[in-house]
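What follows is a single structure, written as structure tokens, with notes after it.
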Amino acid sequence: MDNQKDQNPCCPRDNEGNIVNISSCCDKKEGEKDSRYVILEKEDKCKKCCFEVYISRCWLTNNSDWNPEGGLILMGYANQQSGVAPGLGTTLKIHPKHGWINLNQKIGTFTVKEGEKFPVLLRADALEWGNGIDGASDVGSDLEPSEKGTQIILDCVTNAVPITQLDIKLQRPRGGDAGRVVVEFAAFKTSCC
């Protein structure tokens, strides 16, 4: 009898694929009605795509300190998500002559409904760890008094989101220009699974 149960094509096995048997159709006796109930996974009616946003690169374009090599910590923000490069416990030892430095620090993942445009506000902050004459750390943000961050638009139709660069002006704690950093952001379309 058990062999017949496994061979009967009308009876899917318990938890086979997306099918769950509540009552087996193979257990019915002759003359009884079929009391089989099968639950199928609900199909997702909402089509969507996903994007991952990264701090992709940076460039210490100018450092006004006597030693132009900077020990940087960069913070990137995308809406309410954030990422820190290289991390809170270490710094990037870079010189203006090094040019672009690859970071590839993920900030976050965003889910976008098909047919909608999803705005993401990008911001950046920087900290140069105390390499100046006074030993104090220089700090800066892309948010100068006239700036309000930069926005990118994520859309499922778009396969490539334009690269975005934000300029950060480093300030000394007691006032004065300490240098400039450019931070680059990239968004990549990815699987939502």
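The values are calculated or read from the model by the stated rules, or taken from the named source; none is laboratory data. Predicted, not measured: the structure shown is a model, and the values here were computed from it. Here the Cβ positions follow ideal geometry from the backbone for every residue, glycine too, while neighbour counts run over all protein chains shown.
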Out of Ser64, Ser35, Ser23, report the one residue that is closer than 27 Å to Gly179 by Cα and either of a type in the set (Ser, Thr, Tyr) or at pLDDT below 80 (or both). Ser64
Restricting to strands (runs of 3 or more DSSP E) lying wholly in the stretch 47-107: which have 2 or more residues that are aliphatic (A, V, I, L, M) and under 26 Å from Gln151 (Cβ atoms)? 48-63, 70-78, 81-85
Return the pairs, sorted by first residue and then second, in which the second residue is among the hydroxyl-bearing types (Ser, Thr, Tyr) and in a strand (DSSP E or B), the first residue lies in the stretch 92-117 and is assigned by TED's automatic domain parsing to the domain that holds Asn79 and surrounded by fewer than 12 Cβ atoms within 10 Å (Cβ to Cβ), the beta carbons are less than 8 Å apart, and the residues are 6+ apart or on different chains. Asn102/Ser56; Asn104/Tyr54; Asn104/Ser56
